[in-house]
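A.B. asks: Provided herewith is a single structure, encoded as structure tokens, for subsequent inquiry.
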Amino acid sequence: MATYVMKRYEMKYLLNAQQTAFLKERLAGHMEKDKYGMTSIASLYYDTPGSKLIRASIEKPEFKEKIRLRSYGLATDESPVYLELKRKAYGIVYKRRVKSNIPDVESFLAGDDDILADGQISREITAFRDFYKTLVPACLIIYDRTAYLEPDGDLRLTIDHRPRYRMDDLSLKSSMNGIPLLDNGWTILEIKVQDAMPLWLTEILSEGRIYKCSFSKYGEAYRRQVLGSRTALTQRPLLGKTA
């Protein structure tokens with residue numbers, strides 16, 4: 001069973017349609033789309049019955065963690081899915097990930113014998129499961145992602161279109177439909193890098209008035225569905241000259 005580990009800085013931005021078009025145009029010559037093009041991704045977040053993980057996360061602590069099961073496109077019992085343990089501490093994101101299938105992951109999260117591969121990553125995921133004891137499907141997040149890579153570099157950039165969610169029908173196998181998380185035309189930009197952001201990208205963000213923000217897809221869904229509130233999309237100045 002394949003295992004993966006990642007450590008990097010992740011920065012998030014909310015973009016309107018004009019900013020998204022501007023950014024895509026300016027990335028030409030600096031970054032390339034990955035070989036998959038636009039990909040529909042579904043992430044099923046697990047939480048305790050009392051929503052302990054997401055309630056802690058939206059308080060914006062220095063350390064937070066979450067666990068999710070991710071599929072690329074609509075899943076089946078036989079298709080590969082990825083169980084991911086994601087932790088953020090002092091601005092650095094650590095992600096542990098194992099490749100599996102839905103029946104095995106469901107069995108594992110229900111507390112059955114460890115079906116994950118041997119090794120440190122599997123031990124960390126198992127320890128997380130055992131610490132929280134009961135983990136249940138809580139929220140399904142879906143979006144259409146285009147990823148960009150820096151040739152011969154570690155910089156990765158993703159743009160998520162049509163982010164949406166469900167808090168019922170929590171299955172990766174049923175559909176890719178959901179309730180919109182953002183107003184029409186808005187996207188989520190994520191910049192992922194192991195070291196400093198390159199100067200050319202900093203200049204593009206500044207020119208496009210693209211500003212870093214704090215935004216969690218699962219957190220936003222929880223605020224809307226459970227708390228009855230939502231993130232305000234700040235009306236940023238249009239590109240170009242201002243009065």
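Bear in mind that the values in this text are calculations on the coordinates, not laboratory data. It should be emphasised that the depicted structure is a prediction, and the values quoted were computed from it without experimental measurement. Glycine also receives a Cβ, built like all others from the backbone with ideal geometry; neighbour counts cover every protein chain displayed.
A.B. asks: By how many nm would the segment from A56 to E150 grow when fully extended, if each residue of separation counts as 0.36 nm and the alpha-carbon distance is taken off?
C.D. replies: Value of the extension gain: 30.4 nm.
A.B. asks: Here is a follow-up. Taking the range 13-101, which GluC sites (Glu not before Pro) meet the DSSP loop condition and have no more than 13 other C-beta atoms within 10 Å?
C.D. replies: On the way: sites: E25, E32, E59, E62, E65, E78, E84; in loops: E59, E62, E78.
Passing sites in the range 13-101 are E59, E62, E78.
A.B. asks: Still on this structure, I have one more. For the chain, taking Cα atoms only, what is the radius of gyration to one decimal and the Dmax to the nearest whole Å?
C.D. replies: 18.3, 65
A.B. asks: Related question: Can you pick out the pairs among K24/K173; K86/K212; K52/K212; K133/K192; K24/K99; K35/K133 whose Cα atoms lie more than 29 Å from each other?
C.D. replies: K24/K173; K133/K192; K24/K99; K35/K133
A.B. asks: Let me ask something additional. Filter the trypsin sites (Lys or Arg not before Pro) in the range 72-181 down to the DSSP loop ones having no more than 14 other Cβ atoms within 10 Å, then list what survives.
C.D. replies: K133, K173
A.B. asks: Continuing with this model, one more query. Where does each of 44-56, 219-231 land if you order them by average Cβ count within 10 Å, highest first?
C.D. replies: Ranked from most to least packed, the peptides come out as 44-56, 219-231.
A.B. asks: Still on this model: Once you put a point 7 Å from the Cα of S40 and another 7 Å from the Cα of D195, both along the Cβ direction, what distance in nm separates them?
C.D. replies: Simple spin-label model gives 4.0 nm for this pair.
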